[in-house]
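Report on the following structure.
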Amino acid sequence: MVNLYKNKFYAVFGNPINHSKSPDIHNFFYKLYSLDYKYIKICASKNFFLKDILSFFNKGGKGANITLPFKEKIFSLCNEITKRAQISGSINTLKKFDNGNILGDNTDGIGFLSDLLFHNIVKKKFNLLIIGAGGAAKGVIYPLLQFGCNIFLTNRTFERAKILSNKFKNFGNIESITLRNLSNMRFNLIINATSSGISNEVPLIPCNIINKKTICYDMFYGDKNTVFMNFCKSYGAKKIYSGIGMLIHQAAHSFFLWNNIFPDIKKTVNFLSKK
Ligand code: ATR
């Protein structure tokens, strides 16, 4: 049984949560900076997750990450919410201040942009294609527009892409486009933000939009290359990335919010690749 009072405590809440790599990443950060903290995973109840999270903080928890399916449902827990969390409509990081107030933030979007910068695969004015119009897409659009990218948003259900692009149109260049109209278009970077990888499927994009110069990024990740990565590779893409880097970077930004230290990414990537 973990002693909640001896160490500074952090946790990730989700349901399911078994698969989460966040404890590995955060506990590695603590080791790297010799911090006597602990980060655990907690499977929150689908109906009483607010109570579960509050009880963690009441027992001395200092900060938490929130994952599916709770990210959009914990706004009422927070005394303050950052602009980037408000705009994305979801919270993945909570910080408890000494006065008891709880701050809600979102580090997914900035984590994604940081990973693109880390790999040197994004530039201002780049034309990006984002496939998908669910939570994953919603979480990354704002920082990409702020950075100065032009976004084309497509989705199996086109209406959802239209609604989402309208929501963000005041923040930069974004337009929705049907899957069919993508044919023969050219993009610097194609991002799969759908959940198709869960069922081992690939979104039905025309394959002529991929060539050897197209950079392809799947926000999904697994132990091996994802089906989307393999699909892009089979049509000639040379630079293909999975979402593991995004996961590490969003964790790094949460860690920074909690401890004011931005952790060493290269060492973390190296550590995870050996696990
Ligand atoms: P989340 O909770 O992750 O936001 P969601 O709102 O269901 O889940 O969004 C999942 C996204 O993945 C949607 O864009 C979905 O497309 P639809 O809006 O048409 O449902 C997309 N998606 C899921 N499975 C897909 C598949 N096999 N092919 C293409 N798109 C898929």
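The values are calculated or read from the model by the stated rules, or taken from the named source; none is laboratory data. Keep in mind that what you see is a predicted model, and the values were worked out from it rather than measured. Ideal geometry is used to build each Cβ from the backbone, glycine not excepted, and the neighbour counts take in all protein chains shown. Heads up: the accessible areas ignore ligands, DNA and RNA and are worked out on the full protein's heavy atoms, side chains in. Shrake-Rupley method; radii C 1.70, N 1.55, O 1.52, S 1.80 Å.
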Subset tally (residues that are assigned to a loop (DSSP other than H, G, I, E, B) and closer than 19 Å to Lys123 by Cβ) for the range 212-239: 5
Flag if Ser195 is closer than 25 Å to Ile244 by Cβ and either among the hydroxyl-bearing types (Ser, Thr, Tyr) or modelled with pLDDT under 95 (or both): yes
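So that you can scan it fast, the table gives a plain yes or no per residue for (1) within 15 Å of the ligand (Cβ to nearest atom); (2) without any contact (Cβ under 8 Å) to a residue 12 or more places away in the chain; (3) open to solvent by less than 10 Å² (accessible area, probe 1.4 Å); (4) touching a strand residue (DSSP E or B) at 6+ places or on another chain (Cβ under 9 Å):
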position: Asn120; (1), (2), (3), (4): no, yes, no, no
position: Asn127; (1), (2), (3), (4): no, no, no, yes
position: Ile131; (1), (2), (3), (4): yes, no, yes, yes
position: Gly135; (1), (2), (3), (4): yes, no, no, no
position: Tyr142; (1), (2), (3), (4): no, no, no, no
position: Gly148; (1), (2), (3), (4): no, no, no, no
position: Asn155; (1), (2), (3), (4): yes, no, no, yes
Test: residue in the range 220-228 that is in contact with a Pro (Cβ under 8 Å, 6 or more places away or on another chain), without any contact (Cβ under 8 Å) to a residue 60 or more places away in the chain, of a type in the set (S, T, N, Q) and open to solvent by 20 Å² or more (accessible area, probe 1.4 Å): no
Count - residues of the range 169-211 that are outside any strand (DSSP E or B), touching a residue at least 60 places away in the same chain (Cβ under 8 Å) and either exposed (fewer than 14 other Cβ atoms within 10 Å of the Cβ) or away from the ligand (no atom under 14 Å from the Cβ) (or both): 4
